[in-house]
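What follows is a short report on a single structure.
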Amino acid sequence: MIRFGPAGNSNLFYDEGNKSSLQIPQWLKQKGLTAYEYQCGRGVRVKEEFCEKLKKECQKYDIALSLHAPYFINLASTDREKLDKSIGHISKSLKAVNDMGGTKIVVHPGSAPKEEDRKEVVARAKFFLEEVLQKTKSYEHVKIGLELMGKINQLGNLAEILELCLVNPKRCIPVIDFGHLHAREHGSLNNKEEFGRVVDKIGSILGEDVVKNLHAHFSPIEFSKGGEKKHRVFADKGFGPRFEDFLPIILENNMTPTIICESSGMQTEDAIFMKNLYLQNRSD
Ligand SMILES: [Zn+2]
């Protein structure tokens, strides 16, 4: 089943008088949404009791939950202390999402400074990822999603994400942020064919199952020479990518992705917009 939902709590959630994330599953259900990405970008600071309550609410209202891990992770660091901290962030994220009843975490792979050879950066990240997987074996049933990043000096273009996933395709999945891809390639997603090429590439390297159950982020984005500048909303005119161009690829390939919307402040409204477009265009 295809699922749509927001990254974190949108302005509308609070404007309508809600206060706690424990209210989110019921609220999303009322809005017709079925996915939610819990945000731990600034650190995993959730109590077990909270996680268990959230799990119950998500189960009750059929919300598929994922968790965005802290932004401080850098798989390609050369500093042992920082690598140990990254393992800590990933372990905590895995435990938290598991306690919440979720099945995936989303990780930013790290940075790739201009002055460094990218191949070496990727090699370091792959080597360290092996260690991470080794040290988090007790959560091997939870997927580690590696996010495609929007800035050129960040590790994680499409090829790099796919290569990192190949370290262990059973445990690592790509998180394809189409806004980021569009931004780092200076506007590469403008029609159905351009989306089709991305999906085909993922399929050829990681297999059709990964394509079918893709975990994606989607929102329009503003970019400059270095890539991502900021996430926009569909109501801002003149920013791509457009969901109208991705939708035919979803339908033709019978994909059932989870699509998380990161539109700035309006992630719920924009998730609903995409869901409605999907409902209007599917044939059954
Ligand atoms: Zn992210």
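The values are calculated or read from the model by the stated rules, or taken from the named source; none is laboratory data. Nothing here was measured: the structure is a model prediction, and the numbers come from that model. Cβ sites come from the backbone with ideal geometry, for glycine too, and all protein chains shown count toward neighbours. All accessible areas refer to the heavy atoms of the entire protein, side chains included, with ligands and DNA or RNA removed. Shrake-Rupley method; radii C 1.70, N 1.55, O 1.52, S 1.80 Å.
What does the charge count around Arg124 come to, taking other residues whose C-beta lies under 14 Å from its C-beta (Lys +1, Arg +1, Asp -1, Glu -1)?
Details: positive: Arg80, Lys82, Arg118, Lys119, Lys126; negative: Asp79, Glu116, Asp117, Glu120, Glu130, Glu131, Glu160, Glu163.
Within the 14 Å Cβ shell, the charges total -3.
Provide the FRET efficiency to the nearest 0.05 for the Lys85-Glu16 pair, computing r from the beta carbons and using R0 = 35 Å. Intermediate results must be reported in sequence, preceding the final value.
Working: r = 37 Å, r/R0 = 1.07.
That pair, Lys85 with Glu16, gives E of 0.40.
Using Cα centres only, tell me the gap between region 125-201 and region 1-43 in whole Å.
If you average the Cα positions of each part, the centres end up 24 Å apart.
What Rg and what Dmax come out for the chain when only alpha-carbon atoms are used, in angstroms?
Looking at the chain, its Cα Rg and Dmax stand at 17.9, 54 Å.
Give me the percent relative contact order of region 3-281, please, defined on Cα pairs under 8 angstrom at least 6 residues apart.
Working: 556 pairs, mean separation 52.0, N = 279.
Relative contact order here is 19 percent.
Which value in deg cm²/dmol, rounded to the nearest 500, describes the helix-derived mean residue ellipticity at 222 nm for the chain, given -39,500 (n - 2.57) per DSSP H run of n ≥ 4 and division by the residue count?
On the way: 11 runs with 124 residues, N = 284.
The helix contribution divided over the chain gives -13500 deg cm²/dmol.
If you count only protein heavy atoms with a 1.4 Å probe, what accessible area per residue comes out for the chain, rounded to a whole Å²? Spell out each step's value before the answer.
Details: 13080 Å² over 284 residues.
Here the per-residue accessible area is 46 Å².
Largest first, please: the extent of the C-alpha atoms of region 112-225 along each principal axis, to the nearest Å.
Ordered largest first, region 112-225 gives principal extents of 41, 37, 22 Å.
Quick check: net charge around Val211, other residues with Cβ under 13 Å of its Cβ, Lys/Arg +1 and Asp/Glu -1?
Details: positive: Arg197, Lys201, Lys212; negative: Asp200, Glu208, Asp209, Glu252.
Overall, the nearby charge balance is -1.
Consider a paramagnetic label point 7 Å from the Cα of Glu52 along Cα→Cβ; state which residues of region 80-101 have an amide N under 17 Å from it.
Counting backbone N atoms under 17 Å from the label point, the list is 95-101.
Calculate how many DSSP beta bridges within the chain are antiparallel, expressed in % of all such bridges and rounded to the nearest 5. Intermediate results must be reported in sequence, preceding the final value.
On the way: 7 of 35 bridges.
Close to 20 percent.
Roughly speaking, to the nearest percent, how much of the chain's 1.4 Å accessible area is carbon and sulfur?
On the way: 6330 of 13080 Å².
Accessible surface attributable to carbon and sulfur in the chain totals 48 percent.
For region 151-284, what is the per residue volume of the convex hull drawn over the alpha-carbon atoms, in cubic angstrom? Show your work: numbers first, answer last.
Details: hull volume 14.1 nm³, N = 134.
In region 151-284, the Cα convex hull volume per residue is 105 Å³.
Within the chain, which is the longest segment that contains none of the trypsin sites (Lys or Arg not before Pro) sitting in a DSSP loop with at most 16 other Cβ atoms within 10 Å?
Working: sites that count: Lys19, Arg42, Arg45, Lys47, Lys114, Lys170, Lys225, Lys237, Arg282.
Answer from the scan: 48-113.
Need the full-extension length gain, His186 to Lys237, defined as separation in residues times 0.36 nm minus the C-alpha distance. One decimal, nm.
Numbers: separation 51, 0.36 × 51 = 18.36 nm, distance 1.71 nm.
Additional length available on full extension: 16.6 nm.
Multiplying the sequence separation of Glu193 and Ser224 by 0.36 nm and subtracting their Cα-Cα distance, what value in nm do you get? Let's see the in-between values first.
On the way: separation 31, 0.36 × 31 = 11.16 nm, distance 2.34 nm.
Result: 8.8 nm gained on full extension.
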